[in-house]
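The values are calculated or read from the model by the stated rules, or taken from the named source; none is laboratory data. Just so it is clear, the structure is predicted and the values come from calculations on it, not from any experiment. Reconstructed Cβ throughout: ideal geometry from the backbone, glycine too, with neighbour counts over all protein chains shown.
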Amino acid sequence: MRRRDLLAGLLATTAASAVGAAEPGKVYRIAIVSPSRLVSDMSETNSDYGILFRELRRLGYVEGQNLVVLRFSAEGDTARYDPIIRDVISASPDVIITVNNPLVLRFKALVYSIPVVAMMGDPIAFGIVTSLARPDGNITGISADAGEEIWGKRLGMLLEAVPTATRVGFLCSEPFWKGAQGAKVREAARQSSVTLVAPPLKGVYQEPEYRRVFDLLEREHADVLLVSDSVENNVQRRLIVALVEKVRLPALYPFREFVDIGGLMAYAVDVQDMFRRVADYADMILKGKKPGEIPIYQADKFTTVVNLKTAKTLGLTIPPMLLGRADEVIE
C-alpha cells in the first residue's frame, strides 16, 4: 500500500471518529497567526480565509456566538515571529492555526502544550515532525509539498513553454533558499542544465523588497521566472503578477490564484481544499483529539492552469502538448 493511501485511510478513520456538532453552550478560542497576511484580511470576505470560516461555520463554530477568533500577523517581518508567538501563548487559545515552515518551526520551539494546526511545506525535511502518519507532539496539519519531484515538474513545464530559456529566475525568501526546498530547486536546475538566478527576499516581505529583487532579476537577465510557494508570495500575488508583467517574464506560479489575475501558468495545489482541511483538523482537536495522533495530510492532487491571453501578450506560443495536459485553459 502506498504511503499516501495509508495516510488517507488513517485520516478517514480519525475524521469519522470526530463526527458531531460543537458542544452546546461552550465557547471556543482559536488563534490565527499569519507571517504576512494583514489582520484585516483574516475574515470571511477574504478569498482564502473565507473558506476556513465557512467550513468552521458548517462544523458549528460561529464567530461572535460560540467562537472567539484571535488574529495575529507579523506583516512580513520575520523579526516579529517570536514576540507574536509569546502574545499567542498569553492569549491561551484552544488551538492555533498558522502557515509557513519558518513560522511553524518557531511555534515548535516556543509552544509545548497548545495544539497547532499548520499549513506547511515538507514537515519532515524541515524537522517539524519525524512522521506524517503519527506526528506526535502538539503540531499537525496539511503539507502542500508533494516530494522532491514537484520542483522538477514545475521547472520542466516552464522550460517546455520557453525552450530557449537558459537563465531561470527564482522568487523566494532567504529561509526558503537556504532550506530543504531551496536545495530541491537547485537540484532540479542542475538536472535541467539551466542557471538559476535567485536573489532571495530578505527582511520585510513588502513591496520595496519585491521591487529590489525584480530589479536584480532584470539586471541579471533572467529569461523566465519560477515563483516559490512561500506564503509571503501568495499574499503578495497581485504585486508579483504586476511586476512580472512589467519586466515581461514568462512565469510559472505555485497557486492558480496567480493565473486568475493574469499570471501565465500554474502547477498548483488546491488552496481552498487546504483551508477546508485546516478547519476540519481544528474541529477534531476542539472535540478532544490529540494533534500528535492526527496524520498530517499530504497534498497529492495538482492542477495545471494556462492563461492564453497572457501568453499572447508575451508573444509566446504554448506548445500543443502542454496545452493538452492542462486541466484548465483561460482564454
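Kindly list, by first and then second residue, each pair from a residue in segment 188-204 that is in contact (Cβ under 8 Å) with a residue 60 or more places away in the chain to a residue that is assigned to a strand (DSSP E or B), limited to pairs with Cβ atoms under 7 Å and residues at least 6 apart or on different chains.
Pairs that qualify, where the first residue is in contact (Cβ under 8 Å) with a residue 60 or more places away in the chain and the partner is assigned to a strand (DSSP E or B), are Val204/Asp77.
Do you know which of the residues in segment 161-173 that are under 23 Å from Thr304 (Cα atoms) and crowded, with 16+ Cβ neighbours inside 10 Å is nearest to the chain's Cα centre (by Cα)?
Taking the candidates together, the pick is Cys172.
So in segment 189-208, with the set limited to residues that are more than 21 Å from Met265 (Cα to Cα) and buried (at least 22 other Cβ atoms within 10 Å of the Cβ), which one is modelled with the lowest pLDDT?
Ranking the candidates gives Tyr205 first.
Given segment 221-292, what helices (runs of 4 or more DSSP H) lie entirely inside it while holding 2 or more residues that are touching a residue at least 12 places away in the same chain (Cβ under 8 Å) and aromatic (Phe, Trp, Tyr)?
In segment 221-292, the matching helices (runs of 4 or more DSSP H) lie at 271-286.
Mind checking which residues of segment 27-58 are in a loop (DSSP other than H, G, I, E, B) and of a type in the set (A, V, I, L, M)?
Once the filter is applied, which keeps residues that are in a loop (DSSP other than H, G, I, E, B) and of a type in the set (A, V, I, L, M), segment 27-58 yields Val27, Leu38, Met42.
Going by the structure shown, is Ala15 at pLDDT below 95, aliphatic (A, V, I, L, M) and either assigned to a helix (DSSP H, G or I) or surrounded by fewer than 15 Cβ atoms within 10 Å (Cβ to Cβ) (or both)?
Numbers: at pLDDT below 95: yes; aliphatic (A, V, I, L, M): yes; either assigned to a helix (DSSP H, G or I) or surrounded by fewer than 15 Cβ atoms within 10 Å (Cβ to Cβ) (or both): yes.
Taking the combined requirement at face value, the residue satisfies it.
Is it the case, given these coordinates, that Phe176 is in a helix (DSSP H, G or I), surrounded by 22 or more Cβ atoms within 10 Å (Cβ to Cβ), in contact with a Lys or Arg (Cβ under 9 Å, 6 or more places away or on another chain) and not assigned by TED's automatic domain parsing to the domain that holds Pro102?
Working: in a helix (DSSP H, G or I): yes; surrounded by 22 or more Cβ atoms within 10 Å (Cβ to Cβ): yes; in contact with a Lys or Arg (Cβ under 9 Å, 6 or more places away or on another chain): no; not assigned by TED's automatic domain parsing to the domain that holds Pro102: yes.
Here the answer is no, as Phe176 does not meet what is asked.
Only one residue in Thr303, Thr317 is among the hydroxyl-bearing types (Ser, Thr, Tyr), exposed (fewer than 15 other Cβ atoms within 10 Å of the Cβ) and modelled with pLDDT of 95 or more, so which one is that?
Thr317
Ala91 is checked against (1) under 21 Å from Met274 (Cβ atoms); (2) over 16 Å from the mean Cα position of the chain (by Cα); (3) not β-branched (Val, Ile, Thr) and fails just one. What number does that condition carry?
(1)
Taking Gly76 as meeting all but one of (1) under 30 Å from Asp223 (Cα atoms); (2) assigned by TED's automatic domain parsing to the domain that holds Pro291; (3) free of Cβ contacts under 8 Å to residues at least 12 places away in the same chain, write down the number of the exception.
Tallying (1) under 30 Å from Asp223 (Cα atoms); (2) assigned by TED's automatic domain parsing to the domain that holds Pro291; (3) free of Cβ contacts under 8 Å to residues at least 12 places away in the same chain, Gly76 fails exactly one: (3).
Return the residue satisfying two criteria in turn: it lies in segment 248-258 and is surrounded by 24 or more Cβ atoms within 10 Å (Cβ to Cβ) and among the hydrophobic types (A, V, I, L, M, F, W, C), and of such residues it is nearest to Leu225 (Cα to Cα).
Ala251
Assess whether Glu245 counts as being farther than 30 Å from Tyr81 by Cα, among the charged types (D, E, K, R), surrounded by fewer than 20 Cβ atoms within 10 Å (Cβ to Cβ) and in the same structural domain as Ala326 (by TED's automatic domain parsing).
yes
Regarding Arg186, is this residue assigned to a helix (DSSP H, G or I), out of contact with any His (no Cβ under 7 Å at 6 or more places or on another chain), more than 20 Å from Tyr267 (Cβ to Cβ) and charged (D, E, K, R)?
Criteria not met by Arg186.
Could you list, in sequence order, the residues of segment 175-220 that are among the aromatic types (Phe, Trp, Tyr) and closer than 28 Å to Gly127 by Cα? So that I can check it myself, show each step before the final result.
Taking segment 175-220 first, the residues among the aromatic types (Phe, Trp, Tyr) are 176-177, 205, 210, 214.
Once the filter is applied, which keeps residues that are among the aromatic types (Phe, Trp, Tyr) and closer than 28 Å to Gly127 by Cα, segment 175-220 yields Phe176, Trp177, Tyr205.
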